[in-house]
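The values are calculated or read from the model by the stated rules, or taken from the named source; none is laboratory data. If you're wondering where the values come from, they're calculated on a predicted model, not measured in any experiment. Note that we place each Cβ from the backbone using ideal geometry, even for glycine, and neighbour counts take in every protein chain shown.
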Amino acid sequence: MGSREILDQALKLKPEERFLVIEGLIESLDQPDKKIDEIWTEEAEKRLKAYREGKLEGILMEDIFSKKE
């Protein structure tokens, strides 16, 4: 069964049943990607290490949020 047929069948459901289908589909897409989390963790650790070793300068939060584009 293709996606068009699935959609046609879903549209025949009662509103409450369609909501459950939609909720289930959205929930299935909203799962964290462990690989991306690992990559960001590694990057954060590299940046923290570089900052602590004096190889990377910090920027004041006030400076970041006060800049206007």
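Taking the criterion of being β-branched (V, I, T) and assigned by TED's automatic domain parsing to the domain that holds D8, the residues of segment 22-69 that qualify are I22, I26. Restricted to segment 11-24, and to residues there that are of a type in the set (A, V, I, L, M, F, W, C) and surrounded by 10 or more Cβ atoms within 10 Å (Cβ to Cβ), the residue that is farthest from the chain's Cα centre (by Cα) is L13. On the stretch given as segment 1-19, residues that are part of a loop (DSSP other than H, G, I, E, B) and among the charged types (D, E, K, R) total 2. Residue check: D8 meets all listed conditions (1) under 27 Å from the mean Cα position of the chain (by Cα); (2) surrounded by 10 or more Cβ atoms within 10 Å (Cβ to Cβ) but one, namely (1). Here R47 fulfils each of the conditions (1) surrounded by 10 or more Cβ atoms within 10 Å (Cβ to Cβ); (2) not in a helix (DSSP H, G or I) apart from (2).
In segment 50-66, what residues are of a type outside the set (G, A, S), part of a helix (DSSP H, G or I) and surrounded by 10 or more Cβ atoms within 10 Å (Cβ to Cβ)? If the condition is that a residue be of a type outside the set (G, A, S), part of a helix (DSSP H, G or I) and surrounded by 10 or more Cβ atoms within 10 Å (Cβ to Cβ), then Y51 is the only one that fits. Looking at segment 25-44 only, could you name the residues that are closer than 20 Å to L7 by Cα and exposed (fewer than 10 other Cβ atoms within 10 Å of the Cβ)? Result: I26, E27, S28, L29.
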